[in-house]
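Beneath this line is the structure, given in structure tokens, with notes to follow.
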Amino acid sequence: MNTKLVELELADVESIFTDKTKRKKVVENSFLHGLQKRHFILFQILPLVVTLIALPLMPYLPFGEFELSLFVLFWLITGLGVSSGYHRLFTHRSYKTHNAVQIILAIGGAMAGQGGVISWAALHRRHHELSDKPGDPHSPNLHGSGWRDRIRGLVHSHVTWMYKHEYPSVVHYVPDLIKNKNLIGVDRYYYLWVSLGLVLPTLLGGLYHWSLAGALAGFLWGGVFRILWVGHTIWSINSFLHCFGSSRFETEEHSHNFGAIALLTFGESWHNNHHAFPGSASFGLEWYRLDPGYWFIQLLEVFHLAWDVKVPTKERIQARAINS
Ligand SMILES: [Zn+2]
Ligand SMILES: [Zn+2]
């Protein structure tokens, strides 16, 4: 999907550079909306439908430590790919790493089924630019103040915004990423990586139990259930954490922290901290605020696989904090 989008954008590059008044921040057309709809049906609707169909079959399928291990393994690969890769590395450039690590993180993130890295980063940079203001791709706070409007806003920000939305110009939002040949290469095979995230656990399940039922259990636990889980935990940052939780810093939007789900979201739930210091590799900011996405970057650093890891000084944090 994203390669086509990038090509579409690059075709306009020449005219953009000759006439800067032509530079648009977002593009919208029926071709893009068609791709968005297809992606929404494949990775939001279909996993839900498959889950509902599979539930009555569960008593007949193997379930034990192996299935849970598959779930956790693919949850870690895709969750860290999104949090430490898509978000902290590619969107916010909060640390540097080797090309090989970039490629691995981009593939891990792609396997989550949340879109290719170029689109994901462009959408997220636009979110930071216009948080909770018109143009934010997924604000829950722009639908009115009545309780029905609030629920409508939450549903929109959590999931339905993906069905049809303005597409941020990659030339404007991610000029650094579209110059990265490795990333463009990974993006080109986006659907292959998502498929790999389904095929691998299926194969592992089939081989372990040496049965079709084992393969199906692997497909469900390591693939479908995991895509749903990673998706909704990450989307809850966009939706619930722009409405509920605590605020440690005064920021211009309605971002909140919610420590109780920090481990489940790889530390992404320190969202108020993140909006206050978007360039920081650490979202928890203190060691006792659990932040697995940052722990992974620190692990890379120990092995000299990450460097220039950006974190604000204690003084900067304290100067901005309104709560401890
Ligand atoms: Zn936000
Ligand atoms: Zn961010």
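A short reminder: the numbers here are calculations on the coordinates, not readings from a lab. All figures in this text were calculated on a predicted structure; none of them were measured in a lab. Cβ coordinates were reconstructed from backbone atoms using ideal geometry, including for glycine residues, and neighbour counts include every protein chain displayed.
What length, rounded to one decimal in nm, is gained on full extension from residue 250 through to residue 150, with 0.36 nm per residue of separation minus their alpha-carbon distance?
33.8 nm
Extending each Cα 7 Å along its Cβ direction at residue 160 and residue 181, get the distance between those two points in nm, one decimal.
4.5
Grab the Cα-Cα distance for residue 320 and residue 307, subtract it from 0.36 nm times how many residues apart they are, and report the gain in nm with one decimal.
Working it through step by step, the gained length comes to 2.1 nm.
Cut-off is 10 Å between beta-carbons; in what order do 132, 149, 187 appear when sorted fewest neighbours first?
By the 10 Å Cβ count, ascending, the order reads 149, 132, 187.
Most exposed first by the Cβ proxy, i.e. fewest other Cβ within 10 Å, how do 227, 184, 103 rank?
103, 184, 227
With only alpha-carbon atoms counted, please give the Rg and Dmax of segment 2-320, in Å.
Gyration radius and largest Cα-Cα distance of segment 2-320: 19.8, 64 Å.
For residue 306, enumerate residues with amide H under 5 Å from its amide H, sequence gap 5+ or separate chain, H modeled in the peptide plane.
301
Which one of 107, 178, 208 is farthest out on the positive end of the charge dipole of the chain, using unit charges on Cβ (Lys, Arg +1; Asp, Glu -1) and the Cα centre as origin?
Most positive-ward Cα: 178.
Put a dot 7 Å past each Cα toward the Cβ at residue 286 and residue 33; how far apart are the dots in nm?
Label at residue 33, label at residue 286, 4.8 nm between them.
Just want the ordering: 264, 46, from fewest to most Cβ atoms lying within 10 Å of their own Cβ.
With the fewest neighbours first, 264, 46 line up as 46, 264.
How big is the Rg/Rh ratio for segment 248-324, C-alpha atoms only, Rh by Kirkwood, two decimals?
Radius of gyration over Kirkwood radius for segment 248-324 works out to 0.97.
So what is the 222 nm mean residue ellipticity for the chain from helices alone, if each DSSP H run of at least 4 adds -39500 (n - 2.57) and you divide by all residues, rounding to the nearest 500 deg cm²/dmol?
-15500 deg cm²/dmol
Can you give the local net charge around residue 163? Use residues other than it whose beta-carbon is closer than 11 angstrom to its beta-carbon, Lys and Arg +1, Asp and Glu -1.
Its environment carries a net charge of +3.
Report the chymotrypsin sites (Phe, Trp or Tyr not before Pro) located in segment 164-245 that are in a DSSP loop and have at most 13 other Cβ atoms inside 10 Å of their Cβ, or state none.
Of the chymotrypsin sites (Phe, Trp or Tyr not before Pro), the ones in loops of segment 164-245 whose Cβ has at most 13 other Cβ atoms within 10 Å are 210, 244.
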